[in-house]
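Quick notes on the structure that follows.
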Amino acid sequence: MQADRGCVSAIEFTGRPQPIYFIGDSNVLIFRDLLFRETDSSRLYITHACYQPGLTAESFSDATGIPSAPALDALRANNLIVAKNGGWEPYHSSAQEHWGHVARAEERPRRDPVLVFTCGELDARVIAEEMSQGFDFVLPFQVNGPAAALSPDAQLVPHTLVAERAARSLRPLFAGLRFLKENGFARLFVHSLPPPDPDDGRYRAFGYHAPLNVRYKCAVLFNRLMAESAAAAGIHFIDLWPQTTAGGQLDRQFCLDGFH
């Protein structure tokens, strides 16, 4: 392919990278259009950010476990589900002739897509804000960094109460993911909540006021519960805290804007 005005002499086609779809609130935006290559092969991957504003773990599915409209909209917008008989079915397994033609036209493999969900951080922030009203708790497992500290003069509440509150928030997320798994999506991943920004000023600029130690405790607790729920549901859990923390808190090189 020759480019105009000699800006680029030639472009060589090297094949289509396999897509990875990140679905969630604004934490997915950092994953927009990133290209990766496996270190031990020539296989390429490209990320797609499926941004759904306000999508939380607690709003992910209804009481029956059927994914909510925003969750399904993210799949529909990326042609991962298609209409069928008033409902929907996975694009990659659809036997409808129309979608077979579409797949051939775009040279799109009919394979089970990789879906990574980033829901849960907004839910953890809500609980952290509730705890910021003079309450605190102690995590039942060994931690370091801000999550190990206690707020001065705070009233301690049993960690089980906080864990039960967090579990209620997470239940719709994993009910919806189990529904997707049972209906044709096998390659599902849940991304860990990122470590909160340790800068109180930057954090409060977004309208939140929870103390550093409380917001870290809530994030750590959510990640522990998410890992356990994912294992029980046969869903992969991606934990990036070891790569993004130093001394138990966010490594400064990964600080973005106080919120993400």
Any hit, segment 62-83, residues being among the acidic types (Asp, Glu), at pLDDT below 95, closer than 24 Å to residue 50 by Cα and part of a loop (DSSP other than H, G, I, E, B): no
Pairs where the first residue, in segment 103-116, is without any contact (Cβ under 8 Å) to a residue 24 or more places away in the chain and the second is of a type in the set (A, V, I, L, M, F, W, C) and open to solvent by 30 Å² or more (accessible area, probe 1.4 Å), C-beta under 8 Å, 6+ apart: 108/102
Residue selected from segment 189-221 under the condition of a type in the set (A, V, I, L, M) and more than 20 Å from residue 139 (Cβ to Cβ), by the criterion nearest to the chain's Cα centre (by Cα): 190
Residue selected from segment 26-55 under the condition among the hydroxyl-bearing types (Ser, Thr, Tyr) and under 24 Å from residue 184 (Cβ atoms), by the criterion most open to solvent (accessible area, probe 1.4 Å): 51
Residue 122 vs. criteria part of a loop (DSSP other than H, G, I, E, B), of a type in the set (A, V, I, L, M) and touching an Asp or Glu at 6+ places or on another chain (Cβ under 7 Å): no
Filter result for residue 46 (outside any helix (DSSP H, G or I), within 19 Å of residue 238 (Cα to Cα) and under 19 Å from the mean Cα position of the chain (by Cα)): yes
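Yes/no per residue for (1) closer than 24 Å to residue 249 by Cα; (2) in contact with a Phe, Trp or Tyr (Cβ under 7 Å, 6 or more places away or on another chain):
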site: 94; (1), (2): no, no
site: 99; (1), (2): no, yes
site: 103; (1), (2): no, no
site: 135; (1), (2): yes, no
site: 150; (1), (2): yes, no
site: 157; (1), (2): yes, yes
site: 161; (1), (2): no, no
site: 171; (1), (2): no, no
site: 193; (1), (2): yes, yes
Odd one out for residue 39 among (1) modelled with pLDDT of 90 or more; (2) over 30 Å from residue 168 (Cβ atoms); (3) not basic (Lys, Arg): (1)
Matching residues in segment 236-260 - criterion: being touching a Ser or Thr at 6+ places or on another chain (Cβ under 9 Å), at pLDDT 95 or above and outside any loop (DSSP other than H, G, I, E, B): 237, 238
Residue match in segment 117-132 (condition: open to solvent by 70 Å² or more (accessible area, probe 1.4 Å), over 27 Å from residue 226 (Cβ atoms) and not hydroxyl-bearing (Ser, Thr, Tyr)): no
Selection status of residue 65, small (Gly, Ala, Ser), under 21 Å from residue 125 (Cα atoms) and in contact (Cβ under 8 Å) with a residue 12 or more places away in the chain: no
Single residue of 11, 23, 81 found to be touching a Pro at 6+ places or on another chain (Cβ under 9 Å) and either open to solvent by less than 60 Å² (accessible area, probe 1.4 Å) or free of Cβ contacts under 8 Å to residues at least 12 places away in the same chain (or both): 81
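The values are calculated or read from the model by the stated rules, or taken from the named source; none is laboratory data. The structure presented is a predicted model; accordingly, all values stated were derived computationally and were not measured. Neighbour counts run over all protein chains shown; Cβ positions are idealised from the backbone, glycine included. Note: accessible area is taken over every heavy atom of the protein model, side chains too, but ligands, DNA and RNA are not part of it. Shrake-Rupley method; radii C 1.70, N 1.55, O 1.52, S 1.80 Å.
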